[in-house]
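Novice: Provided herewith is a single structure, encoded as structure tokens, for subsequent inquiry.
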Amino acid sequence: MKHPKHPTKSLRYKLSVGAVAGLAAITLVMVAATALAEEKVAAEDAAIEKPTDREDYGMVKVGESLFRAYCTSCHGAAAEGDGPLAKSLRVEPSNLTELAKENGGEFPFERVQKKIDGREKVKGHGTSDMPVWGKAFKQVDDKATDQQIDDKVIALAYFVRSMQSP
């Protein structure tokens, strides 16, 4: 077989150019689709109040861990008051994602802290189905200082604030 003088006319060359062009087109489509998906996620994330600095972010992460361990059984994973134990309680747990909305758009941070640690009674709970977490955290770790207990309560409040619906 005689080789062509112009490599651009070779079938192998044409196929490889076509394959490269096809891959480039597929890559462009994938990049565009990924960018659109990232824009959608970014828009959804923008609607949720995010911590503004590293300290807030750290507190939210600690609070999230505490919430998952201590609160989801009643308040649910999405903090909407629908945990697996919710129906067995005398008073249904609060939808914690609506606290800011119920307070004129402002998250009642200090009031939430007081309810978590037991300084403010939770309406309708009587003697309180909701554990007084300040005392509970101390019982879990009797060597914990008051400051360490307060830090846990504050971290929970940061997490609940981060869960507010837009």
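Novice: For VAL160, which of the numbered conditions (1) touching a helix residue (DSSP H, G or I) at 6+ places or on another chain (Cβ under 7 Å); (2) part of a loop (DSSP other than H, G, I, E, B) fails to hold?
Specialist: That leaves (2) as the condition not met.
Per-residue answers, yes or no, for (1) at pLDDT below 85; (2) part of a helix (DSSP H, G or I); (3) touching a Leu at 6+ places or on another chain (Cβ under 7 Å):
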{"residue": "LYS61", "(1), (2), (3)": "no, yes, no"}
{"residue": "LEU66", "(1), (2), (3)": "no, yes, yes"}
{"residue": "SER73", "(1), (2), (3)": "no, yes, yes"}
{"residue": "LYS101", "(1), (2), (3)": "no, yes, no"}
{"residue": "ILE116", "(1), (2), (3)": "no, yes, yes"}
{"residue": "GLU120", "(1), (2), (3)": "yes, no, no"}
{"residue": "LYS123", "(1), (2), (3)": "yes, no, no"}
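Novice: Based on this model, can you work out whether VAL60 counts as crowded, with 18+ Cβ neighbours inside 10 Å and in contact (Cβ under 8 Å) with a residue 60 or more places away in the chain?
Specialist: Answer is yes for this residue.
Novice: A further question on this structure: Got at least one residue in the range 133-146 being in contact (Cβ under 8 Å) with a residue 40 or more places away in the chain and either under 21 Å from ALA79 (Cα atoms) or among the charged types (D, E, K, R) (or both)?
Specialist: Yes, that holds for at least one residue.
Novice: Which one of these does VAL132 not meet: (1) at pLDDT below 85; (2) touching a Lys or Arg at 6+ places or on another chain (Cβ under 7 Å); (3) hydrophobic (A, V, I, L, M, F, W, C)?
Specialist: Result: VAL132 passes all but (2).
The values are calculated or read from the model by the stated rules, or taken from the named source; none is laboratory data. Predicted model, so just to flag it, every value in this text is computed and none were measured. Reconstructed Cβ throughout: ideal geometry from the backbone, glycine too, with neighbour counts over all protein chains shown.
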